[in-house]
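Shown next, in structure tokens, is the structure this report addresses.
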Amino acid sequence: MSDGHALQRVELVEDDALALGPAPGDGRRLAHADGTGPAPSGRRRVRWLVATVGVVGLLGFAVVGAQAALDSGYEDRVAARAAMPGAVEPMRPRLQVRWSTEAAVMDSLLLDRPVGGAYLGARAVPDGSVQAVALDSATGGARWTTSLRGGLGEDAVVPGSGRGCTTATTPDAPVDALVCVVVYRAHGQHESDPAERAEVVALDATTGTVLARHAAPTQAGRVVVLGDQAVVAWRALGTVNVHAQDLLTGAARWQTRLSVPRSGILTVGSLRDAPRIGRVQLAAGGGVVVVGAAQQVFLLTPSGDLREGTGRLDGYVRQVRADRVVVLTVHGSAGTLVVRSGADDVHVPHVVALPTLDDGSLADLVLTVEAGLRGYDRTSGALRWALDGRDSGTIVLDGTVYQSGDAALVRAVDGRSGRELWAVPAPRAAYVTDLVTDGERLYVALHGLVGSDKTWRVYGFDGLDEGTLEAPAGWRGLEIRGRVLVATSTDASRAAVLG
């Protein structure tokens, strides 16, 4: 017996079907439309309709579910690409200002990668101090601000418009840090006047607390960190001086003088016009300190010695990352030297491509660009394929090489066969300078007349033209800085991160 609350099976039947059906016991049979048999009752027609709607509904849910799975897989792939070294922050088709700040502040920030979700930097401010800051990478809000002041009557400056800073991780108890060279001059002296003293300062990247602040050579202009050492360099006539000290204690470790060719004309009686070496490059990566000056590259060990066999090279520094150094060698013919920490050096008798992003899908191939785009077998050195065209940037993803240059504004090449999959014709009145990706689209930078701003064209990975990046009203001069797209206000007073 039912208790009156149990669920019961209920069948819905149309009233019309009940009304139009034959009366019980009348002996009549309704024929099918073709006259072959009885027609279904109204009750059965409703069942068929419900069954049909149910099947369609299930198919609809299946299609929606499959599409959701595809969308989820696509989004996962885009996110994985966007997280790779060399990818830029995601951009909307219609650019918006994510955040903005003073142009001078933006110029000082290290935008290659956020540290703990913040971009770090330091600059001189009008009150004579150096202001170190951490700005939230998503909002531009200040996480912290630390003022570094000199003594009475001194002005503090970060050399090189903020290029005197770097980021590092302290040894022993690992802490992310902002490390800067700060130089001090008598109040009112010009930036080109000799400094009175200098310091290497390390600040906690999370809190802005000063971790270490120690004297450094007065002429120091740049700093890098290798292990537990802060390394600075400066030029003096025909030499580059390199000095290393303990990052946290300031104790001197070593100093090296590198003789380099001089250029310029010496004016008698004036040291201001003495021959100059030109800009000094200082970097650390692949377990070595890298110094570049006057078409010379020096590779120093952590103890300050020239590396055996490759300590001094005729060439240029092409790329420095934490795990490797890439040098273009020009002795006799152009070639490439790749130095990695804990691995044998790699010498390639070609100018290798340096993709802005590389997912490793063509690890068995060496791409070169000195005479068109070529693919060589990494093991045997045999040429697999070759294409014409000057290189202005490459990206490697899923076995495909995307390249910009003069043969095509951008093209896709099958990395296994060398077959051109698609190509966008090169422009006649502009030249290509950059190729980057945010993991979802390709962005190609074009330069036109001298002094004109870059134009950024947008393409899908299938070659579909998706238009041009347009700066929001009141902003101009789109350029990639590190991982972000930056624009400058029309009055040049502010800079914005767009997305």
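Per-structure values
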item: Portion, in percent, of the accessible area of the range 368-420 that falls on carbon or sulfur, probe 1.4 Å; result: 42 percent
item: Cα extents of the range 100-228 along the three principal axes, largest first (Å); result: 38, 36, 22
item: Å² of accessible area per residue within the range 348-499, as computed with a 1.4 Å probe and no ligands counted; result: 43 Å²
item: GluC sites (Glu not before Pro) within the range 188-252: DSSP coil, no more than 14 neighbouring Cβ in 10 Å; result: GLU191
item: Carbon and sulfur %, accessible surface of the range 438-499 computed with the full protein complex present, 1.4 Å; result: 50 percent
item: Over the range 335-493: Kirkwood hydrodynamic radius from C-alpha pairwise inverse distances, Å; result: 16.9 Å
item: Amide H partners (placed H, <5 Å) of LEU211, local residues excluded; result: ALA202, LEU203, ASP204
item: The range 97-167 - percent of accessible surface contributed by carbon and sulfur, probe 1.4 Å; result: 48 percent
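The values are calculated or read from the model by the stated rules, or taken from the named source; none is laboratory data. Just so you know, these numbers come straight off a predicted model, no measurement behind them. Counting neighbours? That spans all protein chains shown, and the Cβs are built from the backbone with ideal geometry, glycine included. Remember, those area values only see protein heavy atoms, side chains included, never the ligands or the DNA or RNA. Shrake-Rupley method; radii C 1.70, N 1.55, O 1.52, S 1.80 Å.
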